[in-house]
Every structure is written in C-alpha cells, then in structure tokens.
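The values are calculated or read from the model by the stated rules, or taken from the named source; none is laboratory data. Worth saying up front: this structure is predicted, and the values here are computed from it rather than measured. Note: ideal-geometry Cβ built from the backbone for every residue, glycine included; neighbour counts use all protein chains shown. Protein only, heavy atoms only, side chains kept; ligands, DNA and RNA dropped before computing areas. Shrake-Rupley method; radii C 1.70, N 1.55, O 1.52, S 1.80 Å.
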Amino acid sequence: MIVRISGEGQFSIDDAATAELNRLDSELEAAVDRNDEAAFTEALHGLLEQVRARGSALPADTLEPSDLILPPEDASMDEVREMLTEEGLIPG
Amino acid sequence: MGVMKRVSLVFKAKANKALDKMEDPRETLDYSYQRQLELLTKVRRGVADVATSRKRVELQMNQLQQQSNKLEDQARKALGMGREDLARGALERKASAQGQLNDLQAQYAQLQGEEEKLTVASQRLQAKVDAFRTRKETIKATYTAAEAQTRINEAFTGISEEMGDVGMAIQRAEDKTAQMQARAGAIDELMASGALDDAVGGRRDDIQSELDMISASSDVENELSRLKGEIATSAPKQLEGGANGNSQEAQGAQAPQGQAQPASIPAADRPAEPQDGER
C-alpha cells in the first residue's frame, strides 16, 4: 500500500500496518468532527510517525498514485477541512 | 471513511476531471508535460520569494540588534552620568526591541523551514517530471492511441497527485509568507515611528539628546573652532550655490501669479502689459 504524507513524499507500507493506521485515522476524523484542535494535532502526528516508522520512502521518480494521502505535519484543522472539499486547498 | 481516504479521493477526482477533458490520450501527455514545466517554474519562484522574505526578516533582525546594542550603550552612559531616569528609559526601549527580535527569530526559523520544504518539493517534482517525460516518449513510440490509454492514465494520475501536492505546498508557503510580510511591515513602521529609535537615521531621540547635552558642553569649544576652519575653506562656493537657488525659487513663485492675473481680466479691458500676458 502506498501512503503519501503531503509535502513530504510517498511511503510504501506493509498491509499489516493498515489496521493501526485506520485506528489513528478514525481518531483524526473524530477530532475534526468535534472541533478538537489538540486531539487533532496529536492524532495527526501519531499517524505521520507510524507511516514514517513502518513505511519505506518511495524513490522520487515513481509515478504511482497513492492509496491514502495524509495532510502535512503542520496542517491546522481548518486546512484539513479545506482539503476535504473539491474546491478547497488541493489545486485542480 | 477516514481523513486519509477522503483526501486521496479528492486528489483522484481532480486528476480524473482533467483526464476527461482530453479527447486524444496523446494530447493528455503533452498538455500535462507543459503544466508540469510551468509548475516547476512556479515552485522555483516560490523558493525565491520565500528566500526574499527570509532575507528581509534577517535585515530587520540586524537592525533591531544594532538598536538594542545602542540602547544598552546609552543606558550605560546615562548611569555613568548619574542619570538613572534616562538609563531606565533606554532599557525600556531595549526591552521592546528585544521582544520584536524574539518574534522575528521565530519567523525566521519558520521561513527557513518553508524554504527547505519547497526546495525538496521542487527536487521531487523534477525527478517525477523527468520520469514522466521518459514514460511519455515510450508510450508515444510504442503504443497506438487505443492501447496507450491505460498507461497514460496511470502516468497522468501519478504525476497529477504530485502536482496537486506541490501546488498546495506553494499555496501554503505563500499564505504564510504573506502573513509574515504583513508583520514585517508593521515592524518597519514601528521602527520608522521612532518607538525603538535612537540617534540613528537622522532622528535624534530624547535620551540621546540629553546625554549629548551633558557630555557635549565640554567639547563645544573644540567643535566650534573645527567648524570655523571648515567654513573658512568652503564658504564662498556654498554662498554662490545658495544665491542661485534662491533666485530660481523666487521666479518660480512669481510665475503662477503672472498667469493668473491676465486670465481674470477680459482681454479688451486689459491695460497695456504685453510682457505679462505672453508669459
């Protein structure tokens, strides 16, 4: 499975790590839903650390699309909300 | 569904929308390659913009540091003269300058971080653009339009995800830089207002002038004789220049009056003043 950390690059991750990533991702989403910036930052950083620790960085010249994409490390909750809309942060 | 999946779906939706617009798949390759080159230029410009802002902050930091040092000097001198009140005033300004300096140091670190991130992003994009160009030529040379479709879609989706990501990184860097520029502008204004000022830049602040008054009185006689010496050698030229300047100003001031008067008097009734009317 390929995971991109936005602004950082792509990582190849063993499928065995998926369950843990999904758990952290649910926390992240819950934090966004209840507007809890502190929990959001904690969940985001936990998620990014997992990806970096368990994944191996893909070479820069691969052209493979990612299965999952994570917000950048310093993203705020508002920015992530914007990333989730098609008119939002991600340019067309 | 989770944030990760939703974000990746937004990226994919954008790529698909762009793909759908293309009638001939080969057109997609060339069009996308053009956009990639444009984006590369844009990232490099972004790096340069952030670097410019960083240098501006650096310049302000230097100015504030100089001012802070100068204010401390003034405080020391004031204390030496037994003027604790002046010393206190100088140290208060120094504290204010130091506060601004700390703020700028944080901004500087942030800009440096953005600059590094964008530099790495531009290198990554460059690697992907090179890979895309190779893939593009292979696809064009080897496959018919129909066969090529799947391969083109793969390459396109891969590169457009990177492009979206880099585009977002530039946008975020620009936003952050704009915020900092606004704050840098505020600090420029603060410095220009004299709130952190000392004797630098043509402005003499009150602390410095009091210090100067105390210490200068003994030097006055020496200064007077030195100035007298200077004036004795350069005075004739300066006087000539001053005289010319004055006579030009005087002419300039008269001209509008000369024009305004005739205009308010009907031509037929005007007394014989031909010179004025023609000027």
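For this structure, a couple of remarks:
- Residue check: A:Arg52 meets all listed conditions (1) at the interface with chain B (Cβ under 10 Å from one of its Cβ atoms); (2) over 30 Å from B:Lys136 (Cβ atoms); (3) basic (Lys, Arg) but one, namely (1).
- B:Tyr33 meets the conditions (1) open to solvent by less than 60 Å² (accessible area, probe 1.4 Å); (2) out of contact with any Lys or Arg (no Cβ under 8 Å at 6 or more places or on another chain); (3) of a type outside the set (D, E, K, R) in every case but one. The failed one is (2).
- Any hit, segment A:80-87, residues being β-branched (Val, Ile, Thr) and in a loop (DSSP other than H, G, I, E, B): yes
- Single residue of segment A:11-37 satisfying the filter (of a type in the set (Gly, Ala, Ser) and in contact (Cβ under 8 Å) with a residue 40 or more places away in the chain) that is farthest from A:Arg52 (Cα to Cα): A:Ala31
- Annotation for segment B:46-58: no member residue is open to solvent by 30 Å² or more (accessible area, probe 1.4 Å) and within 12 Å of another protein chain (Cβ to nearest Cβ).
- Hey, A:Gly7 more than 18 Å from B:Met1 (Cα to Cα), at pLDDT below 95 and open to solvent by less than 40 Å² (accessible area, probe 1.4 Å) or not: yes
- With respect to (1) more than 17 Å from B:Val7 (Cα to Cα); (2) under 11 Å from the mean Cα position of the chain (by Cα); (3) small (Gly, Ala, Ser), the lone exception for A:Ala16 is condition (2).
- Residue in segment B:86-100 that is part of a helix (DSSP H, G or I), basic (Lys, Arg) and open to solvent by 70 Å² or more (accessible area, probe 1.4 Å) present: yes
- Any hit, segment A:56-66, residues being part of a helix (DSSP H, G or I), of a type in the set (D, E, K, R) and surrounded by fewer than 17 Cβ atoms within 10 Å (Cβ to Cβ): no
- Of the listed requirements (1) open to solvent by 40 Å² or more (accessible area, probe 1.4 Å); (2) small (Gly, Ala, Ser); (3) more than 11 Å from every other protein chain (Cβ to nearest Cβ), A:Ala39 misses just one: (1).
- Residue match in segment B:10-20 (condition: in contact (Cβ under 8 Å) with a residue 40 or more places away in the chain, in contact with a helix residue (DSSP H, G or I) (Cβ under 8 Å, 6 or more places away or on another chain), more than 12 Å from every other protein chain (Cβ to nearest Cβ) and among the small types (Gly, Ala, Ser)): no
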